[in-house]
Amino acid sequence: MASGSKDGTVKIWNLFDGRIGQTLRGHSRGIWCLKFLTKYLLCSGSYDSLIKIWNLKDGTCSRTLDSHTGPVWSIVKCDYFLVSASQDRTAIVWDLNDCDKVNRLVAHKGAIFCVDAQKDLVVTGSSDKFIKLWNIYTGECHKSVQVDQFDGVSSISMSHNHIACACKQTITLWKIGFAYSLELIREFKEHFKKIESIQILTTKWPNSELLMVSGSKDGLIKIWNNNE
């Protein structure tokens, strides 16, 4: 297990005994997001605007990606791509084979706090209250939808042609349709403080269901079933 801290370090933990296996140092400011790329490669995004790829076999930093000009709030891996979202109002698609920049996604008018990707699509959520759907290969923005009147998007998740996004205390669930249309399926309003994280899950047995898990500043984790 890996954890990132405001002290700028990443720690690798042994789940069997709860002890720290490694402490990774290299960022100058706090860590805001982590993503395992492989069993021994870990990616970190920081308030210092840098993305670092760590080799967990020896605890060294293999690569530093430095094209953002603001804090990196979110990162996601999709096949051989890495997508990062930043305070600088852009998201960047990176090729993990050589760590080269493939596309810079530019259209939001506020910080991009969250990003997810699946197959050839990237979805971003921003403080400008919009979510945008992009082509991961070309960088083209297929669709832009304002999801809230007052609050920015704090978390987003995409799976099986559905997008879940959190704005303050509300979750909205959208379905991706023909020509990248976005249809609002349902709203969920059970949390009473800001939602910090949302994740779509799917079950395959005994019946296929679309589930969501959300975590909020109200101290609660909720599991949602859209079929109910």
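Just so you know, all these numbers are worked out from the coordinates, no wet-lab data involved. Predicted model, so just to flag it, every value in this text is computed and none were measured. Please note: Cβ atoms are built from the backbone with ideal geometry, for glycine as well, and neighbour counts cover all protein chains shown.
So here's what we get for this one:
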| quantity | calculated |
| --- | --- |
| Packing rank of 66-77, 118-129, where each peptide gets the mean count of other beta carbons within 10 Å, highest leading | 118-129, 66-77 |
| Interchain or long-range residues, amide H under 5 Å from Gly152's placed H | none |
| Peptide ranges 24-35, 174-185, 43-54 listed from the most packed, as the mean C-beta count within 10 angstrom indicates | 43-54, 24-35, 174-185 |
| Over segment 73-205, relative contact order from alpha-carbon pairs under 8 Å, at least 6 apart, % | 15 |
| Contour excess over end-to-end distance, with Cα ends at Ser159 and Thr202 and 0.36 nm allotted per residue | 14.7 nm |
| Cα-based shape type of segment 40-161, given that a ≥ b ≥ c are square roots of the gyration tensor eigenvalues and the cut on a/c is 1.5 | prolate |
| Sequence-distant aspartates and glutamates (8 or more away, or on other chains) whose Cα lies within less than 16 Å of Lys217 | Asp151, Glu190, Glu196 |
| Between segment 5-62 and segment 96-168, the Cα center-to-center distance that results, in Å | 24 |
| Cα centre as origin, Lys/Arg/Asp/Glu Cβ charges: the chain dipole, Debye | 360 |
| Arg186-Tyr40 FRET efficiency (beta carbon distance; Förster radius 41 Å; 0.05 resolution) | 0.55 |
| Given Lys35/Lys189; Lys119/Lys143; Lys132/Lys189; Lys101/Lys175; Lys11/Lys193; Lys193/Lys222, the pairs whose alpha carbons are separated by over 18 Å | Lys35/Lys189; Lys132/Lys189; Lys101/Lys175; Lys11/Lys193 |
| Exposure proxy order (Cβ contacts within 10 Å, fewest to most) of Thr170, Thr90 | Thr170, Thr90 |
| Of (i) 19.6, 67; (ii) 19.0, 61; (iii) 17.5, 50, the label for Rg and Dmax of the Cα atoms in Å derived from the coordinates | (iii) |
| Set of aspartates and glutamates with alpha-carbon distance to Lys57 below 20 Å, sequence-local pairs under 8 removed | Asp17, Asp98 |
